[in-house]
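Step one of this worksheet: look at the structure below.
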Amino acid sequence: MIRFEDGFTDLPSIMARYRRGSPEYEVLSKLSESSRVYTYLSPEELEFEIGLRRGIIEASLALFRGRLAFRIFQESFCNERYWERRQDGGFVLRAGVRPSEAVDDIFANTRRYGTECATAIVMIFYKAVLDAYKPDLFDRTFTRIVLMNWRDMDPLIDPATYRGLADYIPGDCRYIRNPDVDPLTPEWQGENVIDLGGGRYYGHGIGLGDMDFFIEILNRNRREGAQVSAYLVDSATRPDFRGLYLYWKNAS
């Protein structure tokens, strides 16, 4: 269920703003019907999180449509007008470049970038925050950006992995582990995916599909004689929704 610290109780009026079948409506339904109590400071905080989750989903679909190339770190590449490629395969924002323009370039000129699946999730998180904050606030807030799996992320976004959750919600990042991966192709040891809602997921390097689709693809890349199937891990990685909301509210 959903509880608001400011005493607001008219949850149906919030749900009425979203189309049935939309990711936003699915988020609200899962939260409100859960056995767990989800506490928000106000309806504004809830709607901010819903909007950010929607942004994560839209950014995922944009990377898929833009055909972001899959590359291991040794072979990663980027648009060097905005980013410097480090020796470890990560990308660092160039000095003198507007952070909002650099992030938007990933989604406008996607074919000029190639990286692996965890870094794709980091790109998605930054784009979702950019769309929520708008360029001026984003540029003031994120003056240093590193795109490299989960390392060196800005502490304001501060993604954390939660295990054994009561609910998994559209906009969550999930992980599919492939324990019997072929040692010659370690890049297939697992896949980070974004929950798009409606039982569909996006995973960079594989595409769009349901969970069975992703598990089937990973199972094709196991060692000879493998007995253990790839499986969805009981966890979710999420940005710090409340921290991002409070910063946005105080800066607005």
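Which shape class applies to region 161-236: rounded if a/c is under 1.5, otherwise prolate when a/b exceeds b/c and oblate if not, where a ≥ b ≥ c are the square roots of the Cα gyration tensor eigenvalues? It would help to have the intermediate numbers written out before the result.
Working: a/c = 2.25, a/b = 1.69, b/c = 1.34.
Note, shape of region 161-236 comes out prolate.
Carbon and sulfur atoms: what percent of the 1.4 Å accessible area of the chain do they account for?
Carbon and sulfur together cover 47 percent of it.
Give me the accessible area per residue for region 161-236, probe 1.4 Å, as a whole number in Å².
Result: 47 Å² per residue.
Which whole-Hz couplings ³J(HN,Hα) result when phi for each residue of region 193-204 is put into the Karplus expression 6.51 cos²θ - 1.76 cosθ + 1.60, θ = phi - 60°, listed in order with x for Gly and Pro?
Rounded to whole hertz, the list is 10, 9, 6, 8, x, x, x, 10, 9, 10, x, 5.
For the chain, what is the charge dipole size about the Cα centre, in debye to the nearest 20, if Lys and Arg each add +1 at the Cβ and Asp and Glu each add -1 at the Cβ?
The dipole magnitude comes to about 440 debye.
Quick one: length gained pulling R98 to R223 fully straight, 0.36 nm per residue minus the C-alpha distance?
That pair, R98 and R223, stretches by 40.5 nm at full extension.
For region 161-236, give the magnitude of the charge dipole about the Cα centre (Cβ charges: +1 Lys/Arg, -1 Asp/Glu; no others), in debye to the nearest 20. Could you put the intermediate results ahead of the total?
Values: 7 positive and 12 negative charges, 19 e Å.
So the dipole magnitude of region 161-236 works out to roughly 100 debye.
When the helix-only estimate is applied to the chain (DSSP H runs of n ≥ 4, each -39,500 (n - 2.57), divided by the residue count), what is the mean residue ellipticity at 222 nm, nearest 500 deg cm²/dmol?
On the way: 8 runs with 94 residues, N = 252.
Per the formula, -11500 deg cm²/dmol.
Work out which helices of the chain, taken as complete DSSP H runs, extend at least 18 Å along their axis over the Cα atoms and score a mean Kyte-Doolittle of 0.5 or more, then list them.
Qualifying helices, which must be both long enough and hydrophobic enough, are 117-133.
Tell me which trypsin sites (Lys or Arg not before Pro) from region 95-178 have a DSSP coil assignment and no more than 13 other beta carbons within 10 Å of their own.
Those that pass, being in a loop and sparsely packed, are R144, R151.
What accessible area per residue, rounded to a whole number of Å², is obtained for region 4-150 using a probe radius of 1.4 Å?
46
Given [x] 1.07; [y] 0.96; [z] 0.98 as candidate values of Rg/Rh (Cα atoms, Kirkwood Rh), which corresponds to the one derived from the coordinates?
[z]
The values are calculated or read from the model by the stated rules, or taken from the named source; none is laboratory data. Keep in mind the model is a prediction, meaning the values are calculated, not measured. In this analysis, Cβ positions are derived from the backbone assuming ideal geometry, glycine residues included, and neighbour counts consider all displayed protein chains. The protein model used for the area step is the full one, side chains on, heavy atoms only, and it has no ligands, DNA or RNA in it. Shrake-Rupley method; radii C 1.70, N 1.55, O 1.52, S 1.80 Å.
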